[in-house]
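Asks: Below is a structure I'd like to ask you about.
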Amino acid sequence: MRAPELREQIQHHTDLYYLADEPEISDAEFDELVQELRTIEARWPDLLTPDSPTQRPGGGVASTFAPVTHVVPMLSLDNAFSLEDLVAWGVRVERIISDPMRFVTEPKMDGLAISLLYENGRLVRGATRGDGVTGEDVTANVRTIASLPKRLQGADPPAVLEVRGEVFMPLSSFKELNRRQGEAELRLFANPRNAAAGSLRQKDASITASRDLDLFCYQLGAKEGGPKLTTHEQTLQWLLDLGFPVNPEIRSFTDIGGVHDFCTRMLAQRHDLGYEIDGVVIKVDELAQRDELGFTSRAPRWAIAYKFPPEEKTTLLRGIFVSIGRTGRATPFAQLEPVFVGGSTVGLATLHNQDEVARKDVRPGDTVIVRKAGDVIPEVVGPVLAKRPKGLRKWKFPTKCPICGTPLVRPEGEANTRCVNFSCPEKVVQRINYFTGRAAMDIEGLGEERVRQFVAAGLLEDAGDIFSLTVDALLPLERIGQKSAENLVAGIEASKSRGLARVLIGLGIRHVGPSAAQALARELGSMDAIEAASEEELAAVDGVGPVIAASIVEWFADANNGPVLRKLRAAGVSLLGPPKADTSDVEQTFAGLTFVLTGGLDGYTRDEAAAEISARGGKVTSSVAKKTGYVVAGASPGSKLAKAEQLGVTILDEAGFVDLLEHGPPFDDPDPDE
Ligand code: IVH
C-alpha cells in the first residue's frame, strides 16, 4: 500500500529535517512525496487517516500551505546591473514623461515579498509572493512578526487594504539563530534571506516566533476606501500613519544624478544597516506618471532594481584543516590570509565536507576566490588556476582523527566523515560544552574554554563530572580565583533543577532536539520511564516518531553512556518532566461533544485550544460531519467552515469559543447522543 508507506517516509524526513541535522532529500523531493500522498488521498478519501501528515497543520510538517491567488499580481522588477544601465533607464523614462519627475529610492531588501490583507482594519491574511499569481497562506506565521500591525491605527480604516513589503531577518537575529543552530549541531543557514524564507514557511508558528523576523512595507495592492493618494511618498507616509514599518533610508530626488549618488552611498553603507540589502529600488513617485509608463509582461516600466555587484576577493589559502565536533563529525575548513570582504575580515572559511573540497579542488598554496555567501558566511568559491604554483599537490582528506589518531569513518551514502572514538578528547570537550550550553543546562561561566581547561586538568571525563566540581578542586587552576570558583559551583548547583527536557537536550542524543525532548519529558515524565520504554512506545509519543525513537533506544543501549547517567542520578540532578496538568477538577462540560478547529485564533495555539477542549471532556476531530458539535473558526478558516454551514453545524468565533469554555454549552444546544 502506497499511502501508509508515503506517510511513514514523510514522517521520517520531517523528523530529519526539523529535529536532526541531516536531511536526506531536497525540499523539492519532500514536497513531491507530500503531493503524491495528497493526490492519493483526494482520489481515495477512504485512505485518509486523521493523523496523516497532510492533515496536521500544527504538527511541524512541511507539507505545502494553502494556495492564495493574489487579486493584483505581485510583479517582479527589471534589473540594472551597473550605474550606467540605471542612468540609461532614467533618461528613457524622462523622455517618455514630458513633465518634471521625482524618483523615490529605496534600499532593496534581501528578504522575501509578502502580501498582507486587512479587512476593516484587522489583519486577516498574510501570503507569500509565490510565482506572483499564486502564493501561500502564511497568516499564522506573519502574525508572529512583532513590528507588523495586527490592527491598523486610526479611527476610520479602509474596508480592504492589501499592503506589500519585504520580510527579512536582521543580521543580529541571523547571527544568533546560526549560533543556536551551531550549538545544537544543526544545519547553519547560508544567509539571512534563506533563514527568513525557512522561518516563514514553518508549519509550526512558534518556531517562526522564535526567529525574530522583521518587515518593511513599500507598496499597496488592493485598496477599497481610505484617502485618495497621488504619489508614492504620500502612500509611504500613509502606511507609516497606519502603523506599518517603512524603511527610514528612503529618499526622493528630482533628477537621476541624485539617484546615482544615493546608490553609490548605499553601496558604501550596505554593511552598516543591520540588515542585508542587495541593491536599490528606484520608483517613479507620481502615480499618474506610473500609469502613463505602464508595464511590460513581467515588470513595471516605472521602477527598476539597481543590483549591487557581488563581493568577492582573492587571497592565499594557507592551509586546510579538519575540526572535530561533538558527534565526531570531521569538518574541513580553510585557513586564509586574512582578507576584507563583504564588510568584515575573513580568516577562516568552512569547506563543509570531503566531497566539497574534492569538487572545488582547492589546494594549500592556491590563490582562492572568497565570497560572503549572502554576504555573511564566508565561502571559498574555488581556486584561481592561472595563479596556481607549479607542483601543488592535491589536498587529501585525513584518514585519521587529527586529535586522537583513530581512523576516520565515512558510512556509505553519507556526506560526513566521523571520528568514532567515544573518548576522543575533542569529542569529550564538545559533548560537555554542549551539555552546559544555553540550549541545554545553561550554566553561566562554563563555556568551551573552561571546559577544555577542566578536561585537560583531568577534572572532567563526561558531563556528569561537573556536579562533583568543588571550589577546592578548581582553585589550583590558572585564571580561577576564589570568587569565580564559588560562582561557578553555585551556577552548577542551580542547574540541577532545570528539569528533564534540558538534560535530554544536553545529552546530545542524535535527533533529539528541543521539541522532541519536551514531548518526551511531558509524556513520559521521567528519565526512568524513557529508559524503560520500548521503541514502539517512544515512537508513539506525539512529536517523536520512529527515527528519534530508534536513536534513543540506541543511546541507552550504548554502554559508553552508562557512567554519565549514573553520575547525574547520584548528583541529584532533576530527571523529571513538568507536573501533568491536573484536570480532574475541571467540570466535564464538553463530555460527548466533538469539535473541529479551523483558522488561527489570537489567544490560543491549535494545541492549546485542543487541550482546553479535552480537559473538559470534549474531542477534537479533523473533519466536519453532521455529528460535529461545534466548529471553531478563527482567522482565515479553511473549507471546513463552508462544510459546517452546509451541514448546519454551530459555528463559533473566538469570542464564542472563550464564552463556551467559561460557561459550558447552553442546555438546548447540540445533543451529543443524537
Ligand atoms: S517593489 C512591482 N520595493 O525585490 C514592484 N521590491 O526584484 C514590486 N524588493 O519581489 C516590488 N525591496 O521582493 C520593491 N523596496 C522595495 C524592495 C523590493 C526588495 C524585492 C521584492 C520584489 C523583488 C523584485
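The values are calculated or read from the model by the stated rules, or taken from the named source; none is laboratory data. Keep in mind the model is a prediction, meaning the values are calculated, not measured. When we count neighbours, we look across all protein chains shown, and the Cβ atoms used for this are built from the backbone with ideal geometry, even at glycine. All accessible areas refer to the heavy atoms of the entire protein, side chains included, with ligands and DNA or RNA removed. Shrake-Rupley method; radii C 1.70, N 1.55, O 1.52, S 1.80 Å.
Asks: Starting from the Kirkwood radius over alpha-carbon pairs of region 401-539, derive D by Stokes-Einstein at 25 °C in a medium of 0.890 mPa s and give it in µm² s⁻¹.
Replies: Values: Rh = 16.7 Å.
Here the translational diffusion coefficient equals 147 µm²/s.
Asks: Further question: Sort out for me the Cα centre separation of region 407-482 from region 638-662, rounded to whole Å.
Replies: Their Cα centres are 54 Å away from one another.
Asks: Sort the following peptides by mean Cβ neighbour count (other Cβ atoms within 10 Å, averaged over residues), highest first: 336-344, 205-213. Intermediate results must be reported in sequence, preceding the final value.
Replies: Details: 336-344: 15.4, 205-213: 19.4.
Descending packing order for the listed peptides: 205-213, 336-344.
Asks: Using the beta-carbon distance between E537 and S206 and R0 = 30 Å, what value does 1/(1 + (r/R0)^6) give for FRET efficiency, to the nearest 0.05?
Replies: On the way: r = 26 Å, r/R0 = 0.86.
My answer for the efficiency is 0.70.
Asks: How big is the Rg/Rh ratio for region 519-615, C-alpha atoms only, Rh by Kirkwood, two decimals? Please report the intermediate quantities before stating the final value.
Replies: On the way: Rg = 17.8 Å, Rh = 16.3 Å.
Here Rg/Rh amounts to 1.09.
Asks: In straight Cα distance, which lysines are under 18 Å from K626, not counting same-chain residues fewer than 8 positions off?
Replies: Reachable lysines: K640, K643.
Asks: In whole percent, and with a 1.4 Å probe on the protein chains, what portion of the accessible area of region 113-176 is carbon and sulfur? Before the final figure, lay out each step's value.
Replies: Numbers: 1220 of 2430 Å².
About 50 percent, which is the carbon plus sulfur part of the accessible surface.
Asks: A further question on this structure: Among K175/K483; K313/K396; K203/K496, which pairs are too far apart, with a Cα-Cα distance over 29 Å? Numbers along the way, then the final one.
Replies: Values: K175/K483 32 Å; K313/K396 25 Å; K203/K496 33 Å.
Too far apart for the 29 Å limit: K175/K483; K203/K496.
Asks: By the scheme Lys and Arg +1, Asp and Glu -1, what is the net charge of all other residues having a beta-carbon under 11 Å from that of R143? Each step should come with its number before you reach the end.
Replies: Details: positive: R125, K150; negative: D602.
The answer is +1.
Asks: I'd like the distance between the alpha-carbon centres of region 343-399 and region 490-526, rounded to an integer number of Å.
Replies: 39
Asks: With every protein chain present, what is the per residue accessible area of region 114-231 (1.4 Å probe, Å²)?
Replies: Working: 4810 Å² over 118 residues.
Using a 1.4 Å probe on heavy atoms only, each residue of region 114-231 averages 41 Å².
Asks: Something else: Tell me, what is a quarter of the convex hull surface for the C-alpha atoms of region 565-659, in nm² with one decimal?
Replies: Numbers: hull surface 34.7 nm².
Spelled out: convex hull of the Cα atoms, projected over all directions, averaged, 8.7 nm².
Asks: At each listed q (0.23, 0.24, 0.29 Å⁻¹), what is the log10 of I(q)/I(0) that the Debye formula gives for region 184-245 modelled as equal alpha-carbon point scatterers?
Replies: -0.96, -1.00, -1.24
Asks: Amide H to amide H under 5 Å from L477: which residues, 5+ apart in sequence or cross-chain, H placed 1.01 Å off N in plane?
Replies: Close amide H contacts, sequence-distant or interchain: none at all.
Asks: Ignoring everything except DSSP H segments at least 4 long, calculate the 222 nm mean residue ellipticity for the chain; use -39,500 (n - 2.57) per segment, divide by total residues, nearest 500.
Replies: On the way: 24 runs with 238 residues, N = 674.
So the calculated ellipticity at 222 nm is -10500 deg cm²/dmol.
Asks: For the chain, give me the percentage of DSSP beta bridges that are antiparallel, rounded to the nearest 5 percent. Mind showing how you got there, number by number?
Replies: Numbers: 74 of 87 bridges.
Around 85 percent antiparallel, to the nearest 5.
Asks: Let me ask something else about it. Region 236-324: D in µm²/s via Stokes-Einstein (Kirkwood Rh, Cα pairs, 20 °C, 1.002 mPa s)? Spell out each step's value before the answer.
Replies: Numbers: Rh = 16.6 Å.
It diffuses with D of about 129 µm²/s by this estimate.
Asks: Separate question: Carbon and sulfur: what percent of region 418-569's accessible surface (1.4 Å probe)? Show your work: numbers first, answer last.
Replies: Numbers: 3360 of 6810 Å².
The computed percentage sits at 49.
Asks: Taking every eigenvalue of the Cα gyration tensor of region 36-180, multiplying by 5 and rooting it, what semi-axes result, largest first, whole Å? Provide the component values of the computation, followed by the final result.
Replies: Working: eigenvalues 275, 83, 76 Å².
Calculated on Cα positions only, the semi-axes equal 37, 20, 20 Å.
Asks: Quote the charge dipole size of region 92-237 about the Cα centre in Debye, to the nearest 20; the model charges only the Cβ of Lys and Arg (+1) and of Asp and Glu (-1).
Replies: Values: 21 positive and 19 negative charges, 21 e Å.
Charge dipole of region 92-237: 100 debye, to the nearest 20.
Asks: Could you give the Stokes-Einstein D for region 485-540 in µm² per second, using the C-alpha Kirkwood radius, 10 °C, 1.306 mPa s? Could you put the intermediate results ahead of the total?
Replies: Working: Rh = 12.4 Å.
Estimated via Stokes-Einstein, D reaches 128 µm²/s.
Asks: Suppose every K and R has +1 on its Cβ and every D and E has -1 on its Cβ; what is the size of the dipole of region 518-674 about the Cα centre, in Debye to the nearest 20?
Replies: Numbers: 12 positive and 26 negative charges, 105 e Å.
That gives a dipole near 500 debye.
Asks: Moving on to the next point. Which one, L652, V624, S614, is farthest towards the positive end of the dipole of region 608-664 when Lys and Arg carry +1 and Asp and Glu -1 on their Cβ?
Replies: Value computed over the given set: V624.
Asks: If you don't mind, there's one more thing I want to ask. If you place +1 on the Cβ of every Lys and Arg, -1 on the Cβ of every Asp and Glu, and leave all else neutral, what size is the dipole of region 216-325 about its Cα centre, to the nearest 20 Debye? Show your work: numbers first, answer last.
Replies: Values: 12 positive and 15 negative charges, 70 e Å.
The calculated dipole for region 216-325 is roughly 340 debye.
Asks: Using only C-alpha atoms and all pairs of different ones, pull out the Kirkwood radius for the chain in Å with one decimal.
Replies: 28.8
Asks: Extending each Cα 7 Å along its Cβ direction at L293 and S574, get the distance between those two points in nm, one decimal.
Replies: 6.1
Asks: Moving on. Can you give the accessible area per residue of region 428-564, in Å², using a 1.4 Å probe?
Replies: 44
Asks: Along the positive direction of the dipole of the chain (beta-carbon charges: Lys, Arg +1; Asp, Glu -1; about the Cα centre), which of N353, P398, A66 reaches farthest?
Replies: P398
Asks: In region 584-674, what % of DSSP beta bridges are antiparallel (nearest 5)? Intermediate values should be presented prior to the final figure.
Replies: Numbers: 1 of 11 bridges.
The antiparallel proportion sits near 10 percent.
Asks: So, one more: Multiplying the sequence separation of R410 and E662 by 0.36 nm and subtracting their Cα-Cα distance, what value in nm do you get? Mind dumping the intermediate values first?
Replies: Working: separation 252, 0.36 × 252 = 90.72 nm, distance 5.86 nm.
Computed gain between R410 and E662 is 84.9 nm.
Asks: Give, as a single signed number, the net charge of other residues whose beta carbon lies under 12 Å from the beta carbon of G132, with Lys and Arg counted +1 and Asp and Glu -1. The partial results should precede the final answer.
Replies: Values: positive: R129, R164, R298; negative: D131.
Result for the neighbourhood of G132: +2.
Asks: State the percentage of accessible surface on region 574-660 attributable to carbon and sulfur atoms; use a 1.4 Å probe and exclude ligands, DNA and RNA.
Replies: On the way: 2470 of 4670 Å².
Answer for region 574-660 is 53 percent, counting heavy atoms of protein chains only.
Asks: What does the charge count around T399 come to, taking other residues whose C-beta lies under 13 Å from its C-beta (Lys +1, Arg +1, Asp -1, Glu -1)?
Replies: Details: positive: K396, K400, R410, R418; negative: none.
Cβ neighbours under 13 Å give a net charge of +4.
Asks: So if R0 is 35 Å, what FRET efficiency would V72 and K619 give, r being the distance between their Cβ atoms, rounded to the nearest 0.05? Could you put the intermediate results ahead of the total?
Replies: Details: r = 42 Å, r/R0 = 1.21.
My answer for the efficiency is 0.25.
Asks: Region 622-668: which chymotrypsin sites (Phe, Trp or Tyr not before Pro) are DSSP loop and have at most 13 other beta-carbon atoms within 10 angstrom? Please list the in-between numbers first.
Replies: Details: sites: Y630, F657, F667; in loops: F667.
Taking region 622-668 and a limit of 13 other Cβ atoms within 10 Å, the loop chymotrypsin sites (Phe, Trp or Tyr not before Pro) found are F667.
Asks: Under 4.7 Å Cβ to Cβ, no partner at all: give me those cysteines from the chain, in residue order.
Replies: C217, C263
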